[in-house]
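K.L.:
Here it is, the structure in full.
A short reminder: the numbers here are calculations on the coordinates, not readings from a lab. None of the values given here were measured: they were computed from a predicted structure. Positions of Cβ are generated from backbone atoms using ideal geometry, with glycine treated the same way; all protein chains shown enter the neighbour counts.
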Amino acid sequence: MLYNLSSSRNLLVKSLHNSVIKNSQGGFTLIELVIGMLVLSIAIVMLTSMLLPQADRAVETLSRVRSAELAHSVMNEIWGKRFDENTNSNGGIPACNSTAPSNPGINCSTVLGPNGEGRNDFNDVDDYHGLNINSNMLDSTQTYADVYLGYQMQVAIEYRNGQAEKLITVDVTTPSGEVITYQAVRSNY
């Protein structure tokens, strides 16, 4: 019996010794944990410093896309109208200010802007001169400002090459204050 107790005691001491060795090799020291947290915090700071500017650029890109959407919708509407108040609505033959001796056209109007028409009755390119963000959209009670919050828009029409062409300029200001200009030239045909 004495022999058994002694061998049990040796087994107990060996198992305690092995568990102490295993436990001391399986964990982290306090210094290792502090260094690990420091490296992790530096990595997080570097990651966020790279991602935050990307978010600002994404907002600018979205503003530019909305600006193009607004300008193109107005430009498409203008492009579908006849050149001048005095141009025939069935193709403009003869075009106003035509110099053909056999078929001279009447003079083009010299006044840019609406000729007494309401917004839904604009019928030629120069009626859009002065259209802005607070104007009603076509066939709508909504203004452009209702749909494009924070944007500004101004339409200007001017003659080029005498009265043979009209330059259509749509200036759109994004909410961040960036002015983007869209232009098209409409010829008298």
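K.L.:
Going by average Cβ density within 10 Å per residue, which order do the peptides 124-136, 143-155 take, highest to lowest?
P.N.:
Highest to lowest by the protection proxy: 124-136, 143-155.
K.L.:
Using alpha carbon centroids, what distance separates segment 26-71 and segment 142-166, in Å?
P.N.:
After rounding, the separation between the Cα centres reads 40 Å.
K.L.:
Based on the mean of other beta carbon atoms within 10 Å per residue, what is the order of 172-179, 77-84, most packed first?
P.N.:
Ranked from most to least packed, the peptides come out as 77-84, 172-179.
K.L.:
Take N88 and N107, extend 7 Å from each Cα along the Cα→Cβ direction, and tell me the distance between the two endpoints in nm.
P.N.:
Here the modelled spin labels are 2.2 nm apart.
K.L.:
Using +1 on the beta carbon of Lys and Arg, -1 on that of Asp and Glu, and nothing else charged, what's the dipole of segment 46-179 about the Cα centre, debye to 20?
P.N.:
The dipole magnitude comes to about 260 debye.
K.L.:
Could you list which residues have their amide H under 5 Å from that of D84, counting only those 5 or more apart in sequence or on another chain, with H placed in the peptide plane?
P.N.:
V125
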